[in-house]
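To start, the structure itself, in C-alpha cells.
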Amino acid sequence: MTDTSKSASSAAASSMWGGRFAGGPAAIMQRINASIDFDKRLYAQDIRGSKAHCRMLVKQGILTQADGDAILAGLDTVLAEIEAGSFPFSMALEDIHMNVESRLAELIGEAAGRLHTARSRNDQVATDFRLWVRDALDGMEKALQGLQAALIARAGEHAGTVMPGFTHLQAAQPVTMGHHLMAYVEMIGRDRGRLTDARARLNESPLGSAALAGTSFPIDRHFTAEQLGFDRPMNNSLDGVSDRDFALEFMAAAAICAVHLSRLAEELVIWTSAQFRFVKLSDAFTTGSSIMPQKRNPDAAELIRAKTGRVIGDLNALLIVMKGLPLAYSKDMQDDKEPVFEVADTMELAIAAMTGMIADMTVNTEVLAAAAGAGFTTATDIADWCVRELKMPFRRAHHVAGSLVKLAEDKGCDLQDLSLAEMQGIEAGITEQARAVLAVDSSVASRTSFGGTAPANVRAQVAAAKSRWL
C-alpha cells in the first residue's frame, strides 16, 4: 500500500469510526475486517432499507423534506451506478453500508450524513440481511414449484408404468413410476412448506433497533416495517440486532431439501447405470469419458449429490459461529453472509439441474416391466390372497408364501411359473384364482388404499397435486 493509499484509508476509517480513532487500521486488520467483497450483494436491500428509513425520518420531522428528497435522489443514482457496473467499491470503506453512504456524500454533500440518524449499522445489516434472505426464500420456493411441476407431469405420463419398488435396495413389491415420482412431489411440497414457515417467522423488521438499545429519536418503526413489506417491527431491540435464526432456518430448510434432491439424484445415478437401464438421460445432462467411448456419466446427478454436503456444511458453519455469542452484536456475525449466499446459490443450481433432468429423462418401460416381477415381488399378494380367501392368519399366510418362494428358488423359476399342483403341495386350498394375483399388473392395480400405488390412485394424486401445488 502506498503512502497516499494509506492516508486515504486512514481518513476513511477515521471518518467512519468517529473522533476516537486518529489513525487507520493495519493492512491485515483492513483485510480481515472488510466484508465488501461479499456483502455488496446486499446493495439493493441496503438502498431499499435506507429509502424507507429516510422517508420515516422526514415523516417524523427528524429530517427536512429538502434533505429527504436529496437523499432519495442520491440513493437512486447510487443504485443505478451499481447496476450499471460503474460504482467504485472500496475495501477501505469496509462494507456495503459505508460504500453507499460515502458515495451518497460525494453526490449530495452534507445531507448524506443525516441519513444515519436514529440508525446503526447493526440494525441496518440485520434489515438488509432479512430482506435478502426473504428474497432468497421466495426464489427457492418458486424454483421448487417448477421442480414439482416437472415431477407431476412425468408422474402423469407414467401413472400405469410398472416398476420394482425397493426396500434395502432389494426388490420388494411392484409399484408404478408415477407413484414413485409422486413421493418426491410430496417431499418437495414439505420443503416448500418449510420455506413458507421460515418466511413467516422472518418477516419482522429490526430497523429502528439501532445499535442494541433503540433510539431516543421519535421514530416510527411500524412505518418502516410496512414500507419494507414486513408484517411488524421486532419487539426487542437486542433481539433485532443480535439473532440470526432467520438465516439458520433458511439454511436448515435448504439442507433438508438438499437431502431430498440428493436421494433423487442417487436414484437417477442407479437407474441410468447399464445394470439397471430404468431411464436414460440425454447429452444435455451427461458427460463422456476421456478414455472409454461407451460411457455416458450422469454427472449432473452426481454433482447434486455432492453439493448436499456443502449445504449441510454451511448450516453447521453458521450454527457454530452463533453458538457462543453473548448479546448483542459481535463481529463474528459478519461471517453469517457467505455461507447463506453459498447455500442460496448452490440450491438455485441444484434445483434447476434436477428440474432439467426430470423433464429430460427417457423412461425405459420395457426394462421396468421386466424388473417389476423379478425377485418374487408379488409374494405378498399370494399371502394376502390366503388371508382373504382362506381366512388364514397373516403369519401363517406369510409362511405359506415364503415356502412358495423357496420352491420357486429351488426350481429356478418365478412364482407364477409354478404349477397349481406344486402350489397345492404347499397349501391345498390354493386355487387357480390365486395364481392370477401373482401378475405384476394385478398386484399394482390391487393397491387401492389411500396413498397406494394403483394407477387409478396415482392419476387422482396427480390431479390433486396440480390443484394443490401448481
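The values are calculated or read from the model by the stated rules, or taken from the named source; none is laboratory data. Owing to the predicted nature of the structure, the values given are computational and were not obtained by experimental measurement. Backbone-built Cβ (ideal geometry, glycine too); neighbour counts: all protein chains shown. For accessibility, only protein heavy atoms count, side chains too; no ligands or nucleic acids. Shrake-Rupley method; radii C 1.70, N 1.55, O 1.52, S 1.80 Å.
Points to keep in mind about this one:
- Per-q log10 I(q)/I(0), the range 375-438, q = 0.13, 0.19, 0.25, 0.27 Å⁻¹ (Debye; single scatterer per alpha-carbon; no solvent): -0.27, -0.59, -1.07, -1.27
- Separation of the range 196-273 and the range 53-90, taken as the distance between their Cα centroids, equals 26 angstrom.
- For the chain, the longest principal axis of the Cα atoms and the long axis of helix 394-411 meet at an angle of about 70 degrees.
- Rolling a 1.4 angstrom probe over the range 140-265 with all protein chains present gives an accessible area of which 51% lies on carbon and sulfur atoms.
- Heavy-atom accessible area order for E302, E110, largest first, 1.4 Å probe: E110, E302
- Per residue, the Cα convex hull of the range 286-414 amounts to 279 Å³.
- Of R119, R447, R41, R31, the order by accessible heavy-atom surface (1.4 Å probe, DNA, RNA and ligands excluded), from most exposed downward, is R31, R41, R447, R119.
- Electrostatic bookkeeping for S446 treats Lys and Arg as +1 and Asp and Glu as -1; over the other residues with beta carbon under 12 Å from its beta carbon, the sum is -1.
- Ligands, DNA and RNA left out, the 1.4 Å accessible surface of the range 352-470 is 55% carbon and sulfur atoms.
- DSSP-defined antiparallel bridges as percent of all bridges, the chain, nearest 5: 80 percent
- L349, L238, L315, reordered so the largest accessible area comes first (probe 1.4 Å): L349, L238, L315
- Helix-derived mean residue ellipticity, 222 nm - over the chain, DSSP H n ≥ 4, -39500 (n - 2.57), to 500: -21000 deg cm²/dmol
- Note on T431: accessible area approximately 60 square angstrom, rounded to 10, probe 1.4 Å, nucleic acids and ligands left out.
- From the alpha carbon centroid of the range 278-328 to that of the range 421-470 is 37 Å.
- Solvent accessible area, Å² - D69, 1.4 Å probe, full protein context: 80 Å²
- Averaged per residue, the chain has 46 square angstrom of accessible surface, using a 1.4 angstrom probe with ligands and nucleic acids left out.
- Cross-link table K40/K142; K142/K331; K40/K323; K40/K337, entries beyond 22 Å C-alpha to C-alpha: K40/K142; K142/K331; K40/K323
- Phi-derived couplings, Karplus 6.51 cos²θ - 1.76 cosθ + 1.60 at θ = phi - 60°, listed residue by residue for the range 124-139: 5, 5, 4, 5, 4, 5, 4, 4, 5, 5, 4, 5, 5, 4, 5, x Hz, with x used for Gly and Pro.
- Part-to-part distance (alpha-carbon centres) for the range 338-352 and the range 353-377, which is given in Å: 29 Å
- Global size of the range 121-370 as Cα Rg and Dmax, reported in angstrom: 22.2, 76
- Near the amide H of A172, within less than 5 Å, lie the amide hydrogens of G165, F166, T167, all on another chain or at least 5 residues away, with H placed in the peptide plane.
- Averaging the sequence gap over all C-alpha pairs within less than 8 Å and six or more residues apart, then dividing by the number of residues, gives the chain a relative contact order of 16 percent.
- Rounded to 10°, Cα long-axis angle of helix 96-108 versus longest principal axis of the chain: 40 degrees
- Spherically averaged projected area of the convex hull of Cα atoms, the range 27-115: 5.7 nm².
- Dipole in debye (nearest 20) - the chain, about Cα centre, beta carbon charges: Lys, Arg +1; Asp, Glu -1: 620 debye
- Cross-link partners of K391 among lysines (Cα-Cα below 30 Å; sequence separation of 8 or more within a chain): K406, K411
- The range 379-437: relative contact order in percent, alpha carbon pairs under 8 Å with at least 6 residues between: 36 percent
- Nearest 10 degrees, 0 to 90: helix 337-360 Cα axis against the chain principal axis: 40 degrees
- Carbon plus sulfur fraction of accessible area for the range 27-115, probe 1.4 Å, in percent: 52 percent
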